[in-house]
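So the structure is just underneath, and the comments pick up after that.
The values are calculated or read from the model by the stated rules, or taken from the named source; none is laboratory data. Owing to the predicted nature of the structure, the values given are computational and were not obtained by experimental measurement. In this analysis, Cβ positions are derived from the backbone assuming ideal geometry, glycine residues included, and neighbour counts consider all displayed protein chains.
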């Protein structure tokens, strides 16, 4: 999803300071969100001051960046003018007023996306480690408590099922693809847990935290500019392992062991999926890292990839018990990844990984977008979830 990051990183000016957004909203509003260039146009929940006032301080932004308000976590709930028509992006004022919403979001009616096959259940999940967020759980057709299912945890959960809730109106179409693979008997019974990112904190939560300290300057400071409050990947993993997984294990009929528990993500989501299997090798049995954002920033550099590689050399899980998938395209951000991926490939071989438990695939002509990942997601799904891997 670094189409989001590409836009996000390229548009943020070099001079950034904390900016506080305050808005008065119509009576009857349950929640208020803000989305703009400062957070990749991903709706981020604001703090409630009183019944009609909300506020949020963004640490790394600029008053030159446009934005809009929403009453809910998707663009279905964007603000309108008094006549119910679209309004232009806002420019900064110390206090804004919303006249009308397209729709008013009620958290108790947080509706999951429609999917072509199976069903999605949505939970608004509270955590002591990270901000509260939506968790979308996809259950395949015929889901039954009389069966057991593998679990695939996917990052950027708002982008995987439908395009209605995405910033660029693209999605992975994961329900369609995985359903076809299950019905074709190409993979075992599996449910998908889509973990929404929270916009403003996405880079902070998705970057491998233990690899951050080894980044050479000035690249460390450059990356830190995209992380309000600093790197927070360890807290994000604690949320997944100590809170979310126990909930999924108890609420659904799933296998709880390592060999049936997997991760998948793209771009920064690929980085955090790789970090998760390294930090919790007894919990996760496989990770698919698509268009892994080795460079961390917008431009190629050696400092950030070298720090990640240094971390991997001492933390990669053992081959044989774990499966790791990498891929990359040749357009937009993906065009930068080849040399860095080759370095990782060489290291994987040194660590004893073979085609049985690791593959890297290049997709010429594909770019850094949900549309491209949707085309090829069947490849890592089969690699991780095939019945020959004892996924029943």
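What about residue 94, is it over 23 Å from the mean Cα position of the chain (by Cα), at pLDDT 85 or above and not in a strand (DSSP E or B)? Before the answer, list the steps.
Details: over 23 Å from the mean Cα position of the chain (by Cα): yes; at pLDDT 85 or above: yes; not in a strand (DSSP E or B): yes.
Taking the combined requirement at face value, the residue satisfies it.
Residues in the stretch 239-271 that are touching a strand residue (DSSP E or B) at 6+ places or on another chain (Cβ under 6 Å), crowded, with 24+ Cβ neighbours inside 10 Å and part of a helix (DSSP H, G or I): 270 alone.
Which residues, taken from the stretch 36-54, are under 25 Å from the mean Cα position of the chain (by Cα) and either closer than 12 Å to residue 98 by Cβ or surrounded by fewer than 18 Cβ atoms within 10 Å (Cβ to Cβ) (or both)?
Those that are under 25 Å from the mean Cα position of the chain (by Cα) and either closer than 12 Å to residue 98 by Cβ or surrounded by fewer than 18 Cβ atoms within 10 Å (Cβ to Cβ) (or both): 46, 47.
Regarding residue 74, is this residue outside the structural domain of residue 229 (by TED's automatic domain parsing) and surrounded by fewer than 19 Cβ atoms within 10 Å (Cβ to Cβ)?
no
Against the condition assigned by TED's automatic domain parsing to the domain that holds residue 172 and within 24 Å of residue 303 (Cα to Cα), how does residue 346 come out, does it pass? For residue 346, the condition - assigned by TED's automatic domain parsing to the domain that holds residue 172 and within 24 Å of residue 303 (Cα to Cα) - is met.
Mind checking whether some residue in the stretch 292-299 is in contact (Cβ under 8 Å) with a residue 40 or more places away in the chain, more than 26 Å from residue 363 (Cα to Cα) and surrounded by fewer than 20 Cβ atoms within 10 Å (Cβ to Cβ)? For the stretch 292-299, residues in contact (Cβ under 8 Å) with a residue 40 or more places away in the chain, more than 26 Å from residue 363 (Cα to Cα) and surrounded by fewer than 20 Cβ atoms within 10 Å (Cβ to Cβ): absent.
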